[in-house]
Every structure is written in C-alpha cells, then in structure tokens.
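Trainee: This is the structure, below, for whatever I ask next.
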Amino acid sequence: MRQGTGRRNSMKWFLGITLAVWAASVPFFGASAEDGEFVLRMVGRAEGTGFTARHEALQAARQEVIWEILKSKIASGDVRPFRVMVRNADAYIDRTVDLHIDTDGGQTRIEIDAYVNIRAFEQDLAALAKPRLAMPPSVACLIGERDGDGPIRIDAGGLAEQGLVSGLDELEIDARGHGEAEIRRSDADLVAVLGDDLARAAAYARETLADAVVLGVVTIAREPDQDQSGTAKTRATLEARVFRGSDGDLLEVFARSAAITGNDVAACREEAVGDVATKLLGDVTVATVLSVLGSQKRDEVLITLLNPGSRERMNLFTGLLAQDNAVHAIEESYFSERSARVRVGYDGAMSYLVDLLLGKSYDGWIIEVQEVIGREMNLVMVPHGGE
C-alpha cells in the first residue's frame with residue numbers, strides 16, 4: 001500500500017436536480033419512492049403520432065433521465081464513456097408513471113415520473129469508472145468499537161478497521177487506517193471526530209488527503225444465554241459515514257449488522273465484526289469512486305501542497321496564484337504545517353500552472369512537483385538548494 005504523502009487526492013448524491021428535455025423542466029421529488037429509489041420527472045418528444053411515436057417519446061424520456069443523472073455525478077461533464085448506461089436505461093428505471101400525453105404539430109409529447117433504482121445505477125457507474133481512473137482511489141478509515149452502551153474505544157488496528165482496510169486493499173482501493181494518518185491525534189480527539197459534530201468530522205476528512213474517509217463505530221452486543229448451554233448470539237452493528245476528503249462533504253451514511261451464534265465469545269466477536277466490515281466494502285467502494293468522479297471538474301485544479309511549513313509561505317503560494325489572470329478563483333480547504341489543499345478555478349493547460357509555480361521563491365523555499373495527474377497536482381515545498 002502506498003504511503004499517504006504520495007496519494008492522489010480527489011459525491012454526495014444531489015439533494016435536488018432540475019431535469020429537462022428540449023426546454024421542459026421539472027424538479028425531482030421523492031415522497032412516494034420506495035427505499036433506494038429516486039423519482040425524476042421528465043419530458044420526451046418524438047416525431048409523429050400514434051403508438052410508435054408514443055413509445056419513442058417514452059424511451060427518449062427514460063434515456064434522458066439517465067443522461068441527467070450521469071451529468072450530476074460526473075463533475076468533468078464528460079459522460080461519453082458511460083453511454084452504454086443510457087442505452088440500458090431500462091435496467092435502472094424500475095417503473096414509470098405517465099402524467100401527460102399530447103400531440104402538437106405532428107409531434108408526440110409525454111411527461112413521466114421515472115422511479116430510478118439509484119443503488120443499481122451507482123454500482124454500475126462505479127464499476128465502469130474505476131478502471132478508467134488514473135490511479136486507485138484512496139480511502140482513510142477510522143472505526144471505533146464499543147461494547148453495548150459502553151464508551152467508544154480507539155484501538156490501533158481494531159478488528160473492524162483492520163477488516164475494512166484489508167478488504168478494500170483486495171478490491172484495489174488504496175486504503176489505510178487511522179494509524180497511518182499524516183497528523184497524529186489523541187484517542188480522545190478521535191472519539192470526538194466520531195461524534196455528532198459534522199464540522200469536526202469534515203475537518204478531519206480534509207486532513208487525511210484521501211479521496212474518501214470512512215468514520216464509523218461498531219457496537220458489539222452479546223445476547224443472553226437462553227438455555228444455559230453457553231451458546232448465545234453475538235451481534236455487531238457498524239454505523240458509518242463516508243466523507244469526501246477534498247472538501248469534507250458528507251457523501252453517504254450506512255448501517256450494517258451481522259450476528260454469529262456460538263459459545264466461544266471471543267471467536268463469535270471476531271467473526272461478527274469481520275462479517276459486518278465485509279458487508280460495507282461494496283458500499284464504500286462505490287462511494288469512493290463516485291467521490292472521485294464528482295470532484296474532477298474541467299475548470300478546476302486540486303492542488304495538494306506538502307510541507308508548506310508556515311502560514312507566511314502558504315500565503316505567498318496562494319498570492320502568486322491569485323495574481324495570475326488565468327486563475328479565477330482560489331479556495332483553501334485545509335492548511336497545516338505538514339500539508340495543505342487548495343482548489344483553483346482554472347481551465348487552461350496544466351503545464352502553464354506548473355511553470356507559474358516553479359522557479360519562484362517562497363520565503364527562501366521552492367516548489368518541487370511530485371506528480372500531475374489529470375486536473376490534480378501534488379507538490380512539495382523544500383528549502384532552496386535542498387538544505
């Protein structure tokens with residue numbers, strides 16, 4: 001597994017979207033949707049009248065639903081590699097409800113509500129996108145454990161965290177536990193990160209320099225032995241939140257459980273925790289890949305700067321960017337003496353940005369390039385002359 005300093009850094013499912021086909025626009029709603037469904041209202045049109053035209057208009061509306069979801073998931077706007085999903089729209093739309101059908105000027109217009117199986121859609125999108133990523137996506141994991149209603153423990157290499165990290169590695173996700181974090185924190189601080197304060201959790205996520213961050217707690221409970229035989233059920237319940245590392249946005253919330261019955265308490269505990277961590281692997285993989293897709297904008301560059309050292313040097317770095325006319329926005333999402341992350345509004349060639357930053361003095365320090373992949377740059381500040 002690669003170390004954190006060389007990591008590539010990078011989706012929250014949108015809370016609302018306006019969908020349109022040929023100037024028709026109606027926002028989605030989901031009040032009557034079943035679990036895992038989104039309801040999207042769409043209009044489709046086709047030339048002609050009659051049954052055939054109605055069918056073509058319906059298919060146009062169904063395919064446009066998939067186009068619009070793709071565009072909402074892929075920040076770069078390049079949805080061409082995923083056209084097969086549009087052609088296979090019927091695989092993701094469980095059902096449609098016809099709201100209005102009319103004809104005008106030899107054209108048929110149909111308005112529908114499409115009930116989309118968003119989980120199936122996201123799984124297929126992630127499966128198609130993952131091989132196309134320049135580098136394996138990275139995940140940082142922090143999983144606490146507790147017995148029943150007891151206090152949360154932060155154990156280095158805890159069973160749940162260890163199982164999640166090793167499982168993700170097998171799926172070719174660059175995963176690491178909290179012990180590999182760039183910034184060391186006390187156990188008390190880590191327990192606080194796992195609490196209800198979203199701002200604290202988001203700040204921790206940004207510090208990790210990972211594409212996605214999993215924060216969770218596994219609760220282990222042993223049910224009473226009903227027949228005094230020593231055999232009882234051990235249940236592990238893992239509640240986890242997935243954040244995007246680049247900006248700390250909350251992407252997904254999951255809860256999974258597993259139960260093992262036996263008389264060996266320690267063995268049942270280990271197996272139940274391992275099983276519940278395994279159940280989360282697919283969800284985390286999908287969320288992580290979609291996180292990367294949702295952060296790779298064509299008109300934006302994500303810069304990770306290692307070893308900025310001081311606020312003064314960081315200000316010189318961002319100040320140089322701000323002075324250039326080609327840069328139209330700068331957002332510092334995280335800063336520490338060891339690492340920083342900056343989003344830069346810029347739609348030009350990456351070579352120009354590299355040339356702009358190299359060869360300049362930042363309070364006696366200079367920039368070296370670690371890697372440039374797509375719209376992401378990993379840089380490091382070093383003393384001038386390598387001292």
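Trainee: What do you get for trypsin sites (Lys or Arg not before Pro) in segment 180-259 restricted to DSSP loop and a cutoff of at most 13 other Cβ within 10 Å of the site's Cβ?
Mentor: Values: sites: ARG184, ARG185, ARG200, ARG206, ARG222, LYS233, ARG235, ARG241, ARG244, ARG256; in loops: ARG184, ARG185.
Answer in residue order: ARG184.
Trainee: Now for a different question. Quick check: residue separation of HIS384 and THR103 times 0.36 nm, minus the Cα distance between them. What number comes out in nm? Each step should come with its number before you reach the end.
Mentor: On the way: separation 281, 0.36 × 281 = 101.16 nm, distance 7.23 nm.
Roughly 93.9 nm would be gained on extension.
Trainee: For the peptides 92-99, 337-344, what is the packing order when you average, over each peptide's residues, the other Cβ atoms within 10 Å and list the highest mean first? Please list the in-between numbers first.
Mentor: Details: 92-99: 16.0, 337-344: 19.8.
So the peptides 92-99, 337-344, ranked by packing, come out 337-344, 92-99.
Trainee: For a paramagnetic label modelled at 7 Å from the Cα of SER229 toward its Cβ, which residues of segment 248-289 fall within the zone defined by backbone nitrogen distances under 20 Å?
Mentor: Zone members listed by number: 259-269, 272.
Trainee: Could you tell me the extents of the chain's C-alpha atoms along the three principal axes, largest first, rounded to whole Å?
Mentor: So the three principal-axis extents are 76, 75, 32 Å.
Trainee: Using only the alpha carbons of segment 262-301, determine the length spanned along each of the three principal axes and report them from longest to shortest in whole angstroms.
Mentor: Principal extents (Cα only, largest first): 59, 14, 5 Å.
Trainee: Within segment 347-382, find all residues whose amide N lies under 17 Å from a label point positioned 7 Å from the Cα of HIS328 along Cα-to-beta-carbon.
Mentor: 347-350, 353
Trainee: Neighbouring Cβ atoms within 10 Å as the yardstick, rank LYS279, LYS73, LYS360 fewest first. Provide the component values of the computation, followed by the final result.
Mentor: Values: LYS279 16, LYS73 20, LYS360 12.
Arranged by neighbour count, lowest to highest, LYS279, LYS73, LYS360 become LYS360, LYS279, LYS73.
Trainee: Between ASP197 and GLU47, 0.36 nm times their residue separation minus their Cα-Cα distance comes to what?
Mentor: On the way: separation 150, 0.36 × 150 = 54.00 nm, distance 5.42 nm.
Gain on stretching ASP197 to GLU47: 48.6 nm.
Trainee: If you look at just the Cα atoms of segment 300-383, how large are its Rg and its Dmax in Å?
Mentor: Both quantities, over Cα of segment 300-383: 11.4, 30 Å.
Trainee: Rounded to whole Å and sorted largest first, what semi-axes of the equivalent ellipsoid does the C-alpha gyration tensor of segment 136-293 yield via the square root of 5 times each eigenvalue? List each step's numbers first, then the result.
Mentor: Working: eigenvalues 163, 53, 31 Å².
Equivalent ellipsoid of segment 136-293: 29, 16, 12 Å, largest first.
Trainee: Could I ask something else about it? State, to one decimal in nm, how far the label point of TYR352 lies from the label point of LEU316, with both points 7 Å from Cα in the Cβ direction.
Mentor: 2.5 nm
No lab work stands behind these numbers, since they all come straight from the coordinates. Because the structure is predicted, anything quoted here is derived from the model rather than measured. Note: ideal-geometry Cβ built from the backbone for every residue, glycine included; neighbour counts use all protein chains shown.
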